[in-house]
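Data first, discussion second: the structure below is written as structure tokens.
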Amino acid sequence: MAVRVGVIGTGWIGSEHIRRITDRVGGAEVVAATDIDADRAARAVAGTGARVLAGSEEVVAADDVDAVVVTSWGPAHAESVVAAVEAGKPVFCEKPLATTAEDAQRVLDAEARHGSRLVQVGFMRRFDPGYAQMKDVIAGGGVGTPLMAHCVHRNPTVPESYHSEMAAQDTAVHEIDVMRWLLDDEISSVQVLTPRRTSHRFEHLRDPQFMLFEMAGGARVDLEVFVNCQYGYEIGCEVVGEEGTVRLPEIPGAVVRSAGRRSTPVLQDWVQRFAAAFDTEFQTWADEVAAGTPTTGPNAWDGYAAAVVTDAAVRALHSGGVVETGIKARPAFYA
Ligand code: NAI
Ligand code: ISE
């Protein structure tokens, strides 16, 4: 029988995931959804056969909901995830798991009380073919011991609701997870430097930001977050090891020669850039939920570790200094 999914939050990515599960993921179907804007929920499920429920409590409690997908705003994630865990239902939560380490700890506590792992966090880059190739190279010793990494995360624009702390909590959180995963190490300290601001931004926003991370083993990572770069969506990553380097491949685009120029298109958003990663992420999650085994994607510990680092990055943004993350040892439960 197909895994019956209830969705909490039907905005941009919630609607994308509803279409993904309905049209492209085998062995899963959306049966219920909710949003604080009920009309938006109705539009998101139109044509799928799923029904709109009044709130997240109703979605979690519904007898015909086997598993929950949380795609509401970041600060609302932890509450819905804890409720799903307490109901004993597998839950896929879009990143971030929580916007504070304190909220993420509530999820760890809920899983510990439940006694087994139910949570997967939407760090979809781990399912991207390019990042997966980098992981294979690094884990296979192909570049020797990693020493440094250089990362770029650019969005064309962000809405007015995006604030300076979201550069860490909402945007850099992807690199924070992917660096922990690629380098198989925790992040021990963060510094955030603030160059001259772009004029293409809302008044309240500090953009761009440079983030410098130190891994527990001593490797250093630099990251440019620039969320109003205007020209497109661009993600870059290069890991430098003792014996070589490995770079994230770009998604190929047709090369156009015309009017004395040679050009290729620049992708415009994360939907285009990570389409394949999202599909693999959800198919794997649905298969593993159907099998009744803990899912093998990024788990609540990964969400917690990322929240500890983003908390430190927010403090670093405000202080300008180097801030220790103070990450604790990974519990055996998440080994
Ligand atoms: P959005 O603002 O388009 O949608 C969020 C929806 O959640 C809204 O419709 C809002 O009304 C609803 N909502 C908020 N709190 C709620 C609650 N307590 N109960 C029910 N509904 C609630 O935002 P978007 O872009 O879809 O982002 C949602 C989440 O997905 C964010 O955490 C974001 O970081 C993440 N995301 C992940 C991406 C990725 O690359 N993996 C890409 C884009 C978003
Ligand atoms: C958004 O929420 C995402 O997760 C995108 O992948 C990221 O590029 C963007 O900066 C975030 O706001």
Virtual paramagnetic centre 7 Å along Cα→Cβ of residue 161, amide N under 16 Å, in region 71-85: 71-78
Report the residues of region 138-157 in range of a label on residue 220: point 7 Å along Cα→C-beta, backbone N strictly under 12 Å from it. 147-150
Counting only protein heavy atoms and a 1.4 Å probe, tell me what percentage of region 28-76's accessible area is made up of carbon and sulfur. 52
Any chance you could give the angle, 0 to 90 degrees and rounded to 10, that helix 300-319 forms with the longest Cα principal axis of the chain? 50
Mean Cβ neighbour count within 10 Å, used as a protection proxy, ranking 286-299, 117-130 highest first: 117-130, 286-299
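Is there a quick way to get the dipole size of region 21-170? I mean about its Cα centre, with the Cβ of Lys and Arg at +1 and of Asp and Glu at -1; what is the value in debye to the nearest 20? The partial results should precede the final answer.
Numbers: 13 positive and 22 negative charges, 133 e Å.
About 640 debye.
Mind checking the dipole of the chain: about its Cα centre, +1 per Lys or Arg Cβ, -1 per Asp or Glu Cβ, Debye to the nearest 20? Don't jump to the answer; show the numbers that get you there.
Numbers: 30 positive and 46 negative charges, 182 e Å.
Charge dipole of the chain: 880 debye, to the nearest 20.
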As I understand it, the dipole of region 1-99 uses +1 on the Cβ of Lys and Arg and -1 on the Cβ of Asp and Glu, about the Cα centre. Which of 96, 22, 45 lies farthest toward its positive end? 22
Treating only the Cβ of Lys, Arg, Asp and Glu as charged (+1, +1, -1, -1), what charge dipole size does region 116-219 show about its Cα centre? Round to the nearest 20 debye. 180
Considering only the chain, what is the antiparallel percent among its DSSP beta bridges, to the nearest 5? 55
The chain: angle of helix 74-86 to the longest principal axis, Cα-based, in degrees nearest 10: 40
Name the residue from 297, 317, 148 whose Cα lies farthest towards the positive end of the charge dipole of the chain, charges +1 on Cβ of Lys and Arg and -1 on Cβ of Asp and Glu. 148
Reachable lysines, given that their alpha-carbon falls under 23 Å from the alpha-carbon of residue 328 and they are not under 8 places away in the same chain: 95
In degrees, nearest 10, the alpha-carbon axis of helix 173-183 is tilted away from the dominant principal axis of the alpha carbons of the chain by 70
Against the 2.2 N^0.38 Å scaling, with N counting residues, where does the chain land? I'd like the Cα-based Rg ratio to two decimal places. 0.99
Go through region 163-270 and name the chymotrypsin sites (Phe, Trp or Tyr not before Pro) that are in a DSSP coil and have 11 or fewer other Cβ atoms within 10 Å of their Cβ. 231
Spin-label point model (7 Å from Cα, Cβ direction): what's the residue 145 to residue 203 distance in nm? 5.2
Sparsely packed trypsin sites (Lys or Arg not before Pro) within region 273-335, loop by DSSP, other Cβ within 10 Å at most 14: 328
How far apart, in nm, are two points set 7 Å out from the Cα along the Cα-to-Cβ line at residue 37 and at residue 272? 2.4
Theoretical ellipticity at 222 nm over the chain - DSSP helices of four or more residues, -39500 (n - 2.57) apiece, nearest 500: -10500 deg cm²/dmol
Just to check, using Stokes-Einstein with a Kirkwood Rh over alpha carbon pairs, what's the diffusion coefficient of region 162-286 at 25 °C and 0.890 mPa s in µm²/s? 145
Ratio Rg/Rh, restricted to region 105-213 and using Cα atoms, in which Rh is the Kirkwood radius: 1.02
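The values are calculated or read from the model by the stated rules, or taken from the named source; none is laboratory data. Here the structure is a predicted model, which means the values were calculated and not measured. Counting neighbours? That spans all protein chains shown, and the Cβs are built from the backbone with ideal geometry, glycine included. Keep in mind that these areas ignore ligands, DNA and RNA; they rest on the heavy atoms of the full protein, side chains included. Shrake-Rupley method; radii C 1.70, N 1.55, O 1.52, S 1.80 Å.
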